[in-house]
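Data block below; observations after.
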Amino acid sequence: MPALPPPHVLQHAIETRFVCHRCGHCCKGDGLVQFGPLEADRMADHLGLSRRQFLKQFALRVEDDQWILRDRFVQDARTAGRREQWCIFLERDADGRYGCRVNPAKPDQCGSFPAQWRNPDSLQTCVGLRRLLADLKAEPAAPKAP
Ligand code: SF4
Ligand code: SF4
């Protein structure tokens, strides 16, 4: 794989130019989405539920005032027969792209990806990051300071 841009260049580009292509990869697999009471209330309000109803239906408790979102398993022709693990709020639209059912109210952990955190393999799995990297590599290097 060609060399990555310097970390500060990559970070700045992610913060200012990143575009999500709704590939859904960041919402699949066994990544744990953890959240607290304020985020629970935000998602519950978005869905028109009480906090209690929301937690019962969509979350698992991990410790006092901390929960993780449940997952669901999907296996159909569009997953090529593979059994995929999805966040319970991941949806696939008719155009084949993915969306989040609680997007305006999603947990802080989700909203902070990929600018504030990302996994080591995110540069390969996230289509938005891959395309941003490709753009950066195609751009002429900035002139060095004299
Ligand atoms: S809450 Fe939404 S953004 Fe977060 S993992 Fe689930 S589907 Fe993805
Ligand atoms: S992996 Fe990247 S491009 Fe794909 S849905 Fe997540 S943020 Fe968007």
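The values are calculated or read from the model by the stated rules, or taken from the named source; none is laboratory data. Owing to the predicted nature of the structure, the values given are computational and were not obtained by experimental measurement. Here the Cβ is made from the backbone with ideal geometry for all residues, glycine too, and neighbour counts use every protein chain on show.
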What number of residues within the stretch 55-87 are surrounded by fewer than 13 Cβ atoms within 10 Å (Cβ to Cβ) and within 14 Å of ligand 1 (Cβ to nearest atom)?
3
Whether any residue in the stretch 65-77 is in contact (Cβ under 8 Å) with a residue 60 or more places away in the chain, among the polar types (S, T, N, Q) and not assigned by TED's automatic domain parsing to the domain that holds Gln124 is what I want to check.
no
Number of the exception - Pro6 against (1) of a type outside the set (A, V, I, L, M, F, W, C); (2) in the same structural domain as Arg92 (by TED's automatic domain parsing); (3) more than 16 Å from ligand 1 (Cβ to nearest atom)
(2)
Given the residues Val102, Val127, which is the only one that is assigned by TED's automatic domain parsing to the domain that holds Gln11 and at negative phi?
Val127
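Here is a yes/no grid of residues against (1) within 14 Å of ligand 2 (Cβ to nearest atom); (2) in contact with an Asp or Glu (Cβ under 8 Å, 6 or more places away or on another chain):
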{"position": "Ile68", "(1), (2)": "no, no"}
{"position": "Gln85", "(1), (2)": "no, yes"}
{"position": "Cys110", "(1), (2)": "yes, no"}
{"position": "Gln124", "(1), (2)": "yes, no"}
